[in-house]
Amino acid sequence: MVASVVYREPGSRARDEYRLTEAGEDLLPVFLSLMQWGDRHLQDGRPPLSFVESGTGRPIQVRVSAEPAPETACDDIEIRVHPAWQRG
């Protein structure tokens, strides 16, 4: 589901980046749906994380629809920590 890829920033030691495999990407809508359910029913309007489109900042949501909708690639999704959950 997840594969590690080694990368190195100039002047730094090698590190691992974790990326979803094809099977992991197929499960992403399931994972996001469960998070949306938990945010609505368990977090009292204060979800700890939000998933947004990297280029626009628009929230990513999973919907059931009869009409085709454009897909957002995994690489185009950014995870943000809700300000209320950040350590200060």
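Around the Cα centre of the chain, unit charges on the Cβ atoms of Lys, Arg, Asp and Glu (plus for the first two, minus for the last two) sum to a dipole of about 480 debye.
A 1.4 Å probe run over the chain, with the rest of the protein chains in place, finds 86 Å² accessible per residue. For the chain, the carbon plus sulfur part of the accessible surface works out to 52%, probe radius 1.4 Å.
For the chain, modelled as a Gaussian network with Cα springs under 10 Å, which listed residue fluctuates most, Ser65, Ser50, Ser33? Comparing Ser65, Ser50, Ser33 in the GNM, the peak value goes to Ser65.
The values are calculated or read from the model by the stated rules, or taken from the named source; none is laboratory data. Remember, predicted model here, so these are calculated numbers, not experimental data. We place every Cβ from the backbone using ideal geometry, glycine too, and count neighbours over all the protein chains shown. Note: accessible area is taken over every heavy atom of the protein model, side chains too, but ligands, DNA and RNA are not part of it. Shrake-Rupley method; radii C 1.70, N 1.55, O 1.52, S 1.80 Å.
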